[in-house]
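Have a look at the structure below before the remarks.
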2 protein chains.
Amino acid sequence: MEDLKNVYISPLPDSPYVKPFRFNYTQNGKEKTWDLLEVHDSVAIVVFNVSRKVMIFVKQFRPAIYYNCISPEDRKKTTIDTTKYPASLGLALEMCAGIIDKNKTVEEIAKEEVLEECGYDVPLSKLHRITSYRSGVGVQGALQTFFYCEVTDDMKTEKGGGVDDELIEVIEKTIPEIEEMVNSPGPITSPPSCLFALMWFLHYKADKFRK
Amino acid sequence: MEDLKNVYISPLPDSPYVKPFRFNYTQNGKEKTWDLLEVHDSVAIVVFNVSRKVMIFVKQFRPAIYYNCISPEDRKKTTIDTTKYPASLGLALEMCAGIIDKNKTVEEIAKEEVLEECGYDVPLSKLHRITSYRSGVGVQGALQTFFYCEVTDDMKTEKGGGVDDELIEVIEKTIPEIEEMVNSPGPITSPPSCLFALMWFLHYKADKFRK
């Protein structure tokens, strides 16, 4: 996952992934604009292995995080020096998650992601829909539905790690390790949705798994 | 804030706000691309009023959220029907926050935002830097630094509500109201950074303010 080469920035061509547009409106009589991106709704799943009392995370290289670790001067260079900026800078620890791009229920998509990314084959009845929220407020405001799922070792039927070109590592953390992570002074290489999920788990679920 | 008219979508011109580009790289010998946005680092501040034991939120119209409430068919229309889609759909409840676009410390920027948005004039010593994390992992990976700040009624020297064209409403919630919010089945019209902040507060701070 950390073998990174030939890193460079280029202009955005017509992209199927990032579709920017301008939103025009008049609020309280004043004409305004706001620039936005078209994004998919998504699911995120807190997967807790009750056999060994560990939280299941996915770790992967995220270009968006890696890019933001590069100084503004170095970003302008023809290629990025991967000795100065190793791939490890962009490795994010996240909850299992996926976008809703198929004609399936959010529960079915959550089930698929838990299998593909984490390797656990869970029945739909184990996926508890907790809430949903807006994944951002600035340029993307898609809905993310948040699930909680308790798994056991015998549900682990596959290796996980994603499909196709995905390079995903499955990581486990104990409850004290989760507490250490959220109490770190940072920078934590995780998004706020992961931190929300961890604090939600610590506050509402963790006590019953402590000795 | 809810007077909304003349809503329509147009192509993105050369925008100072949304600067998309393509990130090219070779990982484990395989050439890949990822489409990204250039975004600013930011601060977010949990402001808790200890005089009246209420959390201070900011509420504002967010085009990104409003747009995502519109059906794919209706998005294609020349103008958006604001009778069918009232402005209230896009009103987000958030923590006080701001981008780092000035040559100031994160503490100074946090102090400015608390004054401009919430109306509290806080000394820098009251701003406790808790941690920092990546604001996203998909198209934007900027760093957000998270502060906790206890305020008293006598620090409220201004009305708040933002500067220039900002239309921001200051909202207060009691601890039981915060608990009700995070336990709602959703959709919660807030981003995960706000929910992380609320869970962090409930788990680590709220007890000392309960009767």
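A short reminder: the numbers here are calculations on the coordinates, not readings from a lab. Just so it is clear, the structure is predicted and the values come from calculations on it, not from any experiment. Cβ atoms come from the backbone with ideal geometry, glycine included; neighbour counts cover every protein chain shown.
Please quote Rg/Rh for segment B:27-112 to two decimal places, taking the Kirkwood radius as Rh and restricting both calculations to Cα atoms. Please list the in-between numbers first.
Values: Rg = 19.3 Å, Rh = 16.9 Å.
The Rg/Rh ratio comes out at 1.14.
Suppose we keep just the alpha-carbon trace of the protein assembly as shown; what are its Rg and Dmax in angstrom?
Gyration radius and largest Cα-Cα distance of the protein assembly as shown: 21.3, 61 Å.
Just counting partner chain Cβ atoms within 10 Å, what average do the residues of peptide A:35-45 show around their Cβ?
4
Which percent of the Cα-Cα distances in segment B:104-155 go past 17 Å?
On the way: 542 of 1326 pairs.
More than 17 Å apart: 41 percent of the Cα pairs in segment B:104-155.
Is there a pair in A:111/A:156; B:126/B:208; A:30/B:104; A:102/B:5 whose C-alpha atoms are over 22 Å apart, and which pairs would that be? Each step should come with its number before you reach the end.
Numbers: A:111/A:156 13 Å; B:126/B:208 17 Å; A:30/B:104 31 Å; A:102/B:5 33 Å.
Table pairs above 22 Å Cα-Cα are A:30/B:104; A:102/B:5.
Give me log10 I(q)/I(0) at q = 0.11, 0.15 Å⁻¹ for segment B:101-211, Debye formula, one equal scatterer per alpha-carbon, no solvent.
Reported log10 I(q)/I(0), two decimals: -0.42, -0.82.
Treating the point 7 Å from Cα along Cα-beta-carbon as the label, what are the nm separations from residue A:99 to the other copies, to one decimal?
Reported distances to equivalent positions: 2.2 nm.
Considering only the label points, 7 Å along Cα→Cβ from Cα, what distances in nm to one decimal separate residue B:10 from the same position in each other copy, shortest first?
The answer, with the shortest distance listed first, is 3.1 nm.
Report the longest stretch of chain A that contains none of the GluC sites (Glu not before Pro) sitting in a DSSP loop with at most 14 other Cβ atoms within 10 Å. Please list the in-between numbers first.
Working: sites that count: A:2, A:158, A:166.
That gives A:3-157 as the longest site-free run.
Please report the net charge: other residues with Cβ closer than 10 Å to the Cβ of residue A:109, K and R +1, D and E -1. Display every interim value, and only then the final one.
Values: positive: A:102, A:104, A:111; negative: A:41, A:101, A:107, A:108, A:112, A:113.
Taking every Cβ under 10 Å from that of residue A:109, the sum is -3.
Taking amide H positions as placed in the peptide plane 1.01 Å from N, state which residues far from residue B:19 in sequence (5 or more) or on other chains have amide H under 5 Å from it.
B:38
Where does chain A land on Rg/Rh, using Cα atoms and the Kirkwood Rh? All intermediate terms of the calculation are to be shown ahead of the outcome.
On the way: Rg = 19.2 Å, Rh = 19.2 Å.
That ratio is 1.00, to two decimals.
Hey, for residue B:173 with labels 7 Å out along Cα-Cβ, what do the inter-copy distances come to in nm, ordered shortest first?
Spacings between copies for this position, smallest first, are 2.4 nm.
What is chain A's relative contact order, in percent, from Cα pairs under 8 angstrom and six or more apart in sequence? Intermediate results must be reported in sequence, preceding the final value.
Values: 363 pairs, mean separation 52.6, N = 211.
It comes to 25 percent, rounded to a whole number.
Which one of B:134, B:22, B:62 has the biggest mean-square fluctuation once chain B is modelled by GNM with Cα springs under 10 Å?
Between B:134, B:22, B:62, it is B:22 that shows the largest mean-square fluctuation.
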